[in-house]
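Notes follow once the structure below has been shown.
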Amino acid sequence: MMNKINEAKKYLELHGAIYGIHYTIGGLGNNVYGIEKIGKFWYSYKSEKPYNYRKTNYIRLGSEDAASDFIIKEGKRAAIKSGSWLENSSQQNSS
């Protein structure tokens, strides 16, 4: 089961990262990084939409832990760039 990946997704969403906008797990998006498991191995990729959505630049990652670390790093980077990242997740409840 993908416990580390589920934890990474929960962490990103708790801090303001939006699935499909800032990161994806097996899905597609416009200029967004993603991860997916193919067979026994985890891969990172970039989802792009030049004409149709597609996955490019696959890189094999060492483990589920490496995939989790990658998607947290890239999802956080994209959310910070867009201004939606909440450094302290308790900020969501402070309004």
Q. For region 43-76, what are the residues that are within 13 Å of the chain's Cα centre (by Cα) and of a type in the set (Phe, Trp, Tyr)?
A. TYR43, TYR45, PHE70
Q) Which condition breaks for TYR53 when tested against (1) at pLDDT 95 or above; (2) farther than 13 Å from PHE70 by Cα? A) (1)
**Q.** Candidate set: region 3-59, residues that are part of a helix (DSSP H, G or I) and hydrophobic (A, V, I, L, M, F, W, C); chosen: the one surrounded by the most Cβ atoms within 10 Å (Cβ to Cβ)
**A.** ALA8
Q | LYS76, sole failed condition from (1) in a loop (DSSP other than H, G, I, E, B); (2) crowded, with 19+ Cβ neighbours inside 10 Å | A | (1)
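The values are calculated or read from the model by the stated rules, or taken from the named source; none is laboratory data. From a predicted model like this one, the values you see are computed outputs, not experimental measurements. All Cβ positions, glycine included, derive from the backbone under ideal geometry; neighbour counts span all protein chains shown.
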